[in-house]
Amino acid sequence: MQALTDKIKVLERKPMTIGERLYLPAIIKGMLITFSHLFKKRPTISYPEQKRYFPSVWRGVQILNRDEEGRERCTACGLCAVACPAEAITMEGAERMPGEEHLYKEEKYAAKYEINMLRCIFCGLCEEACPKDAIYLSQTFAPANYHRKGFIYDKQDLLIPHPIEEPDRYKQALGERATALKQKAKTSEEESMDN
Amino acid sequence: MSDEKKLFKVTIDNITVEVQPGTTILNAARQIGGDIVPPAMCYYTSLKGSGGKCRTCLVKVAAGSAADPRPMPKLVASCRTNVMDGMVVENITNPSVLEARKGVVELLLINHPLDCPICDQAGECHLQDLSYEHGVESTRYEFNRRTFDKHDLGPYIQLHMTRCILCYRCVYVADQISNKRVHGVLDRGDHSEIATYIKQSLDNDFIGNVIDVCPVGALTDRTFRFKNRVWFTKPVDAHRDCPTCKGKVTLWLRGDEVLRSTARKDQWGEVSEWICNTCRFEKKKTSDWIIEGPTVVNRQSVIGQGHYVNITKPRETISDVMGGRPPKLLMDIHNVSGVNNVDLSEIPGPASGKTFEEDPHAFATNPTDRKKPELNSNHELE
């Protein structure tokens with residue numbers, strides 16, 4: 001049969017030499033490799049004290065966004081659910097009643113919004129599909145849980161903290177990427193003003 | 001007699017077809033079918049006098065007829081222009097037609113609010129399809145769009161005038177299908193709007209058909225309002241024994257709930273058999289209907305998403321291997337999920353926050369509803 005590649009390595013099965021049959025040199029060689037790792041840089045970190053750096057393109061757990069006044073942006077248009085390849089997102093829409101204008105941005109809103117995090121594959125297609133800037137993948141991962149039912153995230157689990165009532169938590173939830181983006185937009189605006 | 005009647009030979013985009021005299025270019029193109037059919041937003045086969053308003057069906061007539069082969073000087077509306085023998089028509093083969101259509105779409109969208117994420121028509125909207133296919137990516141319009149208050153035309157129909165493209169189809173429906181028309185187009189030009197005179201409600205057995213003929217989301221069904229997105233519901237053909245109409249409808253289901261019923265539409269999105277208000281708005285139980293089978297949905301349509309037609313499910317082998325023991329369910333999503341717990345088909349209007357939190361029979365009333373005392377405070381409409 002013709003070989004598909006020229007990278008074939010032929011295994012030699014010769015009988016072991018006397019040095020190999022003694023075993024001890026091989027064991028010492030292995031111990032030395034293990035011992036040398038004591039002086040190398042450790043790949044693990046002590047998690048709660050130290051935190052790993054998340055790259056800006058990291059796709060973490062979803063967050064439902066609010067506008068500057070703290071109103072929910074989601075209008076239950078269903079585009080995230082239709083884009084979701086894992087079919088993890090479900091929702092139910094409702095009409096905004098008079099007197100609820102401070103809660104919801106548009107006349108229709110998501111009364112129920114649910115993401116099954118057991119199904120979610122963190123592909124970010126929901127973020128891409130959203131026409132209302134309502135869903136983002138944040139820079140943290142979904143926390144561990146003892147029960148499966150703890151991974152069915154409802155709207156309260158997903159909503160970003162209120163920007164006026166809890167500004168610190170809101171800023172924290174926004175993460176570095178949002179502030180970096182804002183800065184970038186600001187500088188580009190200034191540049192265009194200069195021009 | 002019949003051999004005396006000469007068929008007209010017409011060439012549309014290099015495809016020749018023979019049609020009866022008196023056929024419009026649009027209908028001749030529809031006989032050929034495929035990509036060469038001009039889009040139509042205002043023309044409706046079964047409505048007399050419709051067409052000629054939206055200008056999306058513009059085509060170039062390269063040769064007027066065999067007798068007079070001069071081209072027509074301007075693009076013509078194919079829905080209102082009859083064919084002549086030996087006529088040569090260019091639709092997608094002529095770049096100026098596509099360019100003109102792009103301009104028409106831009107004009108139609110100038111005052112359109114583009115609130116598709118909210119609109120119930122999204123997914124089956126002709127304007128959405130048209131602008132996706134022929135429109136430009138962004139708008140050049142810098143001024144405020146015209147705005148109108150939304151209002152109810154009767155308890156079942158909601159009018160969003162901001163979305164209207166003034167195709168006049170609903171006016172023709174009221175004129176020709178129902179006995180008396182109480183709505184029409186008021187004012188002129190940019191200000192013109194579909195309205196009932198002094199906001200009279202429309203009550204007629206067949207007035208619900210204005211919802212089906214509306215190419216955009218201007219006239220929508222209040223019994224379906226905000227209940228689900230079109231593409232998450234499952235269309236099935238069904239019929240019932242109806243004393244007023246033929247009772248042939250398409251039901252849009254979520255599980256066993258009938259969220260909406262509409263008349264059956266053909267491949268051009270047109271209805272030939274009108275249905276009455278009882279079939280459309282009141283029969284919201286599967287037991288009211290005899291279900292014939294799933295509606296055939298175009299493969300390209302978003303409504304077809306998640307409809308797995310003609311698939312064979314793989315056989316579940318776990319219980320065979322485990323000696324009859326079924327696989328152990330670690331979690332049943334229906335016990336945990338808070339979605340799909342309310343039967344939305346039982347409420348006659350859109351759900352409100354109250355529907356999901358306190359009373360599953362509560363529904364949102366509208367500002368216009370509140371003016372009527374009997375509709376105050378979340379009561380049934382009957």
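A short reminder: the numbers here are calculations on the coordinates, not readings from a lab. This structure is a prediction, so every number in the text was calculated from the model and none was measured. FYI the Cβ positions are ideal-geometry reconstructions off the backbone, even for glycines, and counts take in every protein chain you see.
Remark: A:LEU4, B:LEU127, B:LEU166, A:LEU64 ranked as A:LEU4, B:LEU166, A:LEU64, B:LEU127, counting other beta-carbon atoms within 10 Å and listing the fewest first. Cα-based values for the protein assembly as shown, radius of gyration first and Dmax second, are 31.1, 111 Å. Candidates B:SER261, B:PHE232, B:CYS279 compared by Cα position along the dipole of segment B:230-304: farthest toward the positive end lies B:PHE232, with charges placed on Cβ. For segment B:101-116 versus segment B:210-256, the inter-centroid distance based on Cα atoms is 26 Å.
The count of lysine pairs in segment A:7-70 with alpha-carbon distances below 22 Å, taking only pairs 8 or more places apart or on different chains, stands at 5.
Between segment A:155-178 and segment A:23-60, the C-alpha centres lie 35 angstrom from each other. Inter-chain neighbour count for A:96-108: the average number of beta-carbon atoms from partner chains within 10 Å of each residue's beta-carbon is 3.
Across chain B, C-alpha contacts under 8 Å between residues 6 or more apart give a mean separation that, scaled by the residue count, equals a relative contact order of 12 percent. Backbone geometry of segment B:299-309 corresponds, through the Karplus equation with coefficients 6.51, -1.76 and 1.60 at θ = phi - 60°, to 3J(HN,Hα) couplings of 4, 7, 6, 5, 5, x, 5, x, 8, 8, 8 Hz, x marking Gly and Pro. Report, in listed order, any pair from B:LYS234/B:LYS328; B:LYS6/B:LYS74; B:LYS248/B:LYS284; A:LYS105/B:LYS227 with a Cα-Cα distance greater than 21 Å. Result: B:LYS234/B:LYS328; B:LYS6/B:LYS74 exceed 21 Å. Report Rg/Rh for segment B:303-346, rounded to two decimals, where Rg is the Cα radius of gyration and Rh the Kirkwood radius. Here the Rg-to-Rh quotient is 1.12.
When B:ARG140, B:ARG30 are arranged by Cβ crowding within 10 Å, least crowded first, meaning fewest neighbours, the order is B:ARG140, B:ARG30.
Treating chain A as a set of equal point scatterers at the Cα positions, no solvent, please give the Debye-formula log₁₀ I(q)/I(0) at q = 0.15 Å⁻¹. Log-scaled intensity ratios, in q order: -1.01.
What's the magnitude of the charge dipole for segment B:1-92 around its Cα centre, counting Lys and Arg as +1 and Asp and Glu as -1 at the beta-carbon? Answer in Debye, nearest 20. Let's see the in-between values first.
Numbers: 11 positive and 8 negative charges, 91 e Å.
My answer is approximately 440 debye.
Note on A:GLU165 and A:HIS37: their simple-model spin labels are 5.0 nm apart, each label 7 Å out from Cα toward Cβ. Taking the convex hull of the alpha carbon positions in segment B:230-304 and averaging its projected area over all directions gives 4.7 nm².
Converting phi to 3J(HN,Hα) with the Karplus coefficients 6.51, -1.76 and 1.60 and the offset θ = phi - 60°, segment B:130-145 yields 4, 6, 5, 7, 10, x, 9, 6, 10, 8, 9, 7, 10, 9, 5, 6 Hz in sequence order, with x at every glycine or proline. Only Lys, Arg, Asp and Glu carry charge here, each on its Cβ (+1 for the first two, -1 for the last two); on that basis segment A:62-187 has a dipole of about 420 debye about its Cα centre. Counts of other chain beta carbons within 10 angstrom of each beta carbon in peptide B:115-122 average 5. With both labels modelled 7 Å from their Cα along Cα-to-Cβ, the B:ARG315 to A:GLU49 distance reads 5.9 nm. Pair-distance distribution of chain B: all C-alpha pairs, bin width 20 Å, starting at 0; shares per bin in whole percent are 24, 52, 21, 4, 0. Averaged over residues, the count of other Cβ atoms within 10 Å places the peptides B:154-162, A:37-45 in the sequence B:154-162, A:37-45, highest first.
Per residue of B:222-235, how many C-beta atoms from partner chains lie within 10 Å of its own C-beta, taken as a mean? If you can, show how the numbers build up before the last one.
On the way: counts 0, 0, 0, 3, 11, 3, 5, 8, 1, 4, 5, 0, 0, 0.
Neighbouring Cβ atoms belonging to other protein chains average 3 per residue here.
Packing order of peptides A:160-173, B:349-362, highest average first: B:349-362, A:160-173 (average count of other Cβ atoms within 10 Å over each peptide's residues). The three principal axes of the Cα atoms in segment B:87-147 give end-to-end lengths of 43, 28, 19 Å, sorted in falling order. Summing Cβ point charges (Lys, Arg +1; Asp, Glu -1) relative to the Cα centre of segment B:71-169 gives a dipole of roughly 340 debye.
Extents of segment B:124-175, largest first, come to 37, 24, 18 Å (Cα atoms, principal axes, whole angstrom). The relative contact order of segment A:62-187 comes to 30 percent, based on Cα pairs under 8 Å that sit 6 or more residues apart. Semi-axis lengths, largest first, of the ellipsoid equivalent to segment B:77-228 are 29, 21, 15 Å, with √(5λ) applied to each eigenvalue of the Cα gyration tensor.
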